[in-house]
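Okay, so here's the structure we're looking at.
Only the coordinates and a few stated rules stand behind these numbers; no lab work does. Just so it is clear, the model here is predicted, and its values are computed rather than measured. Here the Cβ positions follow ideal geometry from the backbone for every residue, glycine too, while neighbour counts run over all protein chains shown.
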Ligand code: OXD
Ligand code: MN
């Protein structure tokens, strides 16, 4: 093997582990990444020369590149994702489980000699601000220069991570090989007890940028339970009032429900002087601070966002974030080497090259961009980036929002009476499936805390961990549920969404700060008529009433349907959440008897 770069560390455990992986994968060369600009130029040149990425129109999109993945490899693969805990019970009934020995053996066989003729990149990275007590270090060994370039955007990568690690053995061990991108040989295995991730056979972001879903959520949630903190699939935003009052909110939405849009929202005209600042758009790590409040950091340093539907209308800040130094994957290309996707601004071009490299004509029934095509953009490009996004202390959270994509039942906004009620909202969140994962699109599935594909241990115990956090929080955030996606009888969305969600956010903030009223229903508090600020909103008030309405009959069906879901969660499903459900049902029945 020709070893071109000397390891820039004396960390014995790290060196020993890398050596072990070299023996297994047998790369031709090993390159340790330092995160420098010079290195970025070198890797980019290498990736371009191997046709892995292509430069885009440098006038329109300076520093931007384009990549196309194998058409069989365009999304996360939940059926090939495994939690490898010593017992199946620890992984719980909602995760695929493989015994650790079996997984190491099976994937070890696939890794054996897998990097012959290839380079192994050693990618040291930090999830979270450098030097923060809340951050974790990972090392990803990968044969993919695309992964190396994306990790550079998505994490604090290189020397900064090795400096923070020093000679500690406390780092996540990630090993990735693209192999021949064959779904028959594709596995994403997590070993929470070993703080290890092995990923083979894929080049798609969610499966291979190991800091994101694998470390920050699956391994992170396990570490959070063990160490007493929360790793969540949540955006973090700060709302600044015209008077300069800052309120931070975290929000969980299942994949592709507009999390990035919400995190980068621009308030409507009526909210003159209000500003929304982005701390993170996908993941929150939260710990109890000395003041008894919940403090959050965004472990990531970039956005791996869904391109289709992103426009100057839906998300101007995202559009501004992806104008430079961005990697686009599986979008369509215009004749002048610009990018395009369904829902982008301007007229649909007459001709394009589609995400599979085929000629595409306007009016074609096929999508030009893959529905799960992505941009990888540095957080620093975001004009609305919070000045505290990289603060080692994080930001204090006043409210947590649970959302989903529901055509019926769930009102625009609902505030939990208390912590257990709020955990119930999180635990029973439901959403219609989207294109971010392979499988059927459009059916409602329960996605507790938007964590179903991302919880690294038994879901019932995870609910228990959330319930247990209350006793550690002297000043807990207030908990809410929202639904931007309710439809009217005509099948159209009742609420305009996007920037107008600021109106709901304002009510949430005012409730969290105990300065606005609400109306008590059996499920929680909703805004009273007149509580939501609707000024300047060109919308029929009957539609707003329909969007905020609680239908007792629909809720009875909803709550009764949870029996099956609770059973599926297995023996560790906390009883208090079942009682919470029964209490709501009982209260509904009381109201109905009273003629409500
Ligand atoms: C994502 C997802 O890519 O949740 O963020 O699928
Ligand atoms: Mn996500």
(request) Estimate the FRET efficiency between residue 97 and residue 335 by the formula 1/(1 + (r/R0)^6), using the beta-carbon distance for r and 30 Å for R0, to the nearest 0.05. (result) 0.05
(message) For the chain, take the longest principal axis of its alpha carbons; what is the angle in degrees between that and the long axis of helix 37-49, to the nearest 10 within 0 to 90?
(response) 80 degrees
(request) May I ask you to compute the full-extension gain from residue 542 to residue 324, defined as 0.36 nm times their residue separation minus their alpha-carbon distance, rounded to one decimal in nm? (result) 74.1 nm
(request) Mind running the shape call on the stretch 373-506? Use the C-alpha gyration tensor, a ≥ b ≥ c as the square roots of the eigenvalues: rounded below 1.5 for a/c, prolate if a/b tops b/c, oblate otherwise. (result) rounded
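Can you compute the helix-only [θ] at 222 nm over the chain? Use -39500 (n - 2.57) per DSSP H run of at least 4 residues, normalise by all residues, nearest 500 deg cm²/dmol.
Numbers: 17 runs with 158 residues, N = 596.
-7500 deg cm²/dmol, from helical runs alone.
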(request) Output the peptides 222-231, 416-425, 44-53, 476-485 sorted from most to least packed, where packing is the average of other Cβ atoms within 10 Å over each peptide's residues. (result) 476-485, 416-425, 222-231, 44-53
(message) Only bridges whose two residues both fall in the chain count here: according to DSSP, what percent of them are antiparallel, nearest 5?
(response) 65 percent
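Pull out the extension gain between residue 520 and residue 88, defined as 0.36 nm times the separation in residues minus the alpha carbon to alpha carbon distance; nm, one decimal.
Numbers: separation 432, 0.36 × 432 = 155.52 nm, distance 4.18 nm.
So the chain would gain 151.3 nm between residue 520 and residue 88.
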(request) Quick one: grab the alpha carbon gyration tensor of the stretch 170-247, order the square roots of its eigenvalues as a ≥ b ≥ c, and give me rounded if a/c is under 1.5, else prolate or oblate depending on whether a/b is larger than b/c. (result) oblate
(request) Please tell me the relative contact order of the stretch 308-416 in percent, rounded to the nearest whole number, where contacts are Cα pairs under 8 Å and at least six residues apart. (result) 29 percent
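Using 0.36 nm per residue, how much length does the chain from residue 184 to residue 590 gain when fully extended, once their Cα-Cα distance is taken away?
Numbers: separation 406, 0.36 × 406 = 146.16 nm, distance 5.48 nm.
So the extension gain works out to 140.7 nm.
Quick one: which of 582-591, 131-140, 144-153 comes out on top by average Cβ neighbours within 10 Å, and what's the full order, highest first? Spell out each step's value before the answer.
Details: 582-591: 14.8, 131-140: 20.5, 144-153: 24.2.
Final packing ranking: 144-153, 131-140, 582-591.
In percent, what relative contact order does the chain have, based on Cα pairs under 8 Å that are 6 or more apart in sequence? Working shown, then result.
Values: 1323 pairs, mean separation 85.4, N = 596.
Worked out over the chain, it gives 14 percent.
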(message) 7 Å from Cα along Cα→Cβ at both residue 529 and residue 554: what's the point-to-point distance in nm?
(response) 1.9 nm
(message) To test your reading of the geometry: what angle, between 0 and 90 degrees and rounded to tens, separates the Cα axis of helix 12-25 from the longest principal axis of the chain?
(response) 70 degrees
(request) Compare the peptides 19-25, 123-129, 537-543 by average per-residue count of other Cβ atoms within 10 angstrom and give them in order, highest first. (result) 123-129, 19-25, 537-543
(message) Can you tell me the orientation of helix 145-154 relative to the chain, as the angle in degrees between its alpha-carbon axis and the longest Cα principal axis, to the nearest 10?
(response) 40 degrees
(request) Kindly identify the stretch 101-145 as rounded, prolate or oblate by the Cα gyration tensor criterion: order the square roots of the eigenvalues as a ≥ b ≥ c, call it rounded if a/c is under 1.5, otherwise compare a/b with b/c, prolate if a/b is larger, else oblate. (result) oblate
